[in-house]
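The values are calculated or read from the model by the stated rules, or taken from the named source; none is laboratory data. Remember, it's a predicted structure, so these values are computed and weren't measured experimentally. All Cβ positions, glycine included, derive from the backbone under ideal geometry; neighbour counts span all protein chains shown. With ligands, DNA and RNA removed, areas are computed over all heavy atoms of the protein, side chains included. Shrake-Rupley method; radii C 1.70, N 1.55, O 1.52, S 1.80 Å.
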Amino acid sequence: MTRRVLITGASSGIGAATARRLAAPGVALVIHARGNEAGAVAVAKEARAKGAEAHVVLADLSDPEAPTGLVEAAAERLGGLDAVVSNAGFADRTPASDLSDATLAKSLDTILWAFLRLARAAGPHLRRGTHPRLVAVSSFVAHLYRHDAHNFPATAVGKLGVEALLRTLAMEWAPAVTVNAIAPGYTQKDPGAHASYSEEQRQALTAKVPMRRLGTPEEMAAAITFLLGEEAGYVTGQVIHVNGGLVV
């Protein structure tokens, strides 16, 4: 039986690493990206090389209609859905005192509202799936508030909202569907990505982490893959912190 999975924000980083980790014969993936079609196509090509079925769908999830459209397109192409990984999002470092209504709204649209709209659309499909799973990607920025750390107020609001919502969904959807999240800590970006840390920034960040290094997208993908698996059937309503021991 084919395992059918939609992964949002999968053209690079954690989403792409998750797609690569899942890719195998008997797995069918929809690789979503907002605009990085080349990246999504490359990830899909890698997945196919490992024996998986893979499709690329582009959508701007801040558009209120896009999440539902994405879910329906994925379900149509795959013949249903067994799992959804809600990974798409972005980081905004605007200080809270300077945060405009528009900036906060953009974060909420892309992170919180997109998650809710994906969940609402995916729920009926997941209930008909095999070992149905909904996994979100939150962030340590929703929990870490210190003078010596990067603060992302708009992003934190969106991610905390996702965590609150997933716990409610886990209660409402049990026992049919499990709903969980991971909260990555400082994580390496893909080589050449615009948000890659400089060497000086990397040293300053790793000094804050007990493991003395940044996490990798592959390590985040490993935690997501566990939550998607049959072995995690008794895990729901949880946020797993994958952050090298960072105190949050």
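Some observations on this one:
- A 1.4 Å probe run over the chain, with the rest of the protein chains in place, finds 46 Å² accessible per residue.
- Kirkwood hydrodynamic radius of segment 114-248, Cα pairs, Å: 16.0 Å
- Rh (Kirkwood; distinct C-alpha pairs) - segment 1-84, Å: 12.2 Å
- Taken over segment 1-142, the ratio of Cα radius of gyration to 2.2 N^0.38 Å equals 1.04.
- The long axis of helix 153-173 is offset from the longest Cα principal axis of the chain by roughly 40 degrees.
- Relative contact order (percent, whole number), the chain, Cα cutoff 8 Å, 6+ residue spacing: 19 percent
- When the Cα gyration tensor is reduced to axis lengths a ≥ b ≥ c, the ratio a/c is 1.5 or higher for segment 96-166, and with a/b not above b/c it is classed as oblate.
- Along segment 11-23 the Karplus relation, 6.51 cos²θ - 1.76 cosθ + 1.60 evaluated at θ = phi - 60°, assigns HN-Hα couplings of 7, 6, x, 4, x, 5, 4, 5, 4, 5, 5, 6, 4 Hz to successive residues, with x for each Gly and Pro.
- Size of electric dipole in segment 71-224: Cβ of Lys, Arg +1 and of Asp, Glu -1, about Cα centre, debye, nearest 20: 300 debye
- Accessible surface of the chain, 1.4 Å probe, proportion on carbon and sulfur as whole %: 54 percent
- In order along segment 73-86, phi translates into HN-Hα couplings of 5, 5, 4, 5, 6, 9, x, x, 9, 9, 7, 10, 10, 8 Hz, rounded to whole numbers, per the Karplus curve 6.51 cos²θ - 1.76 cosθ + 1.60 with θ = phi - 60° and x for Gly and Pro.
- Dividing the C-alpha radius of gyration of the chain by 2.2 N^0.38 Å, with N its residue count, gives 0.96.
- Secondary-structure-derived ellipticity at 222 nm for the chain, considering helices only, amounts to -12500 deg cm²/dmol, per-run term -39500 (n - 2.57) for DSSP H runs with n ≥ 4.
- Convex hull of Cα atoms in segment 45-89, direction-averaged projection (nm²): 3.7 nm²
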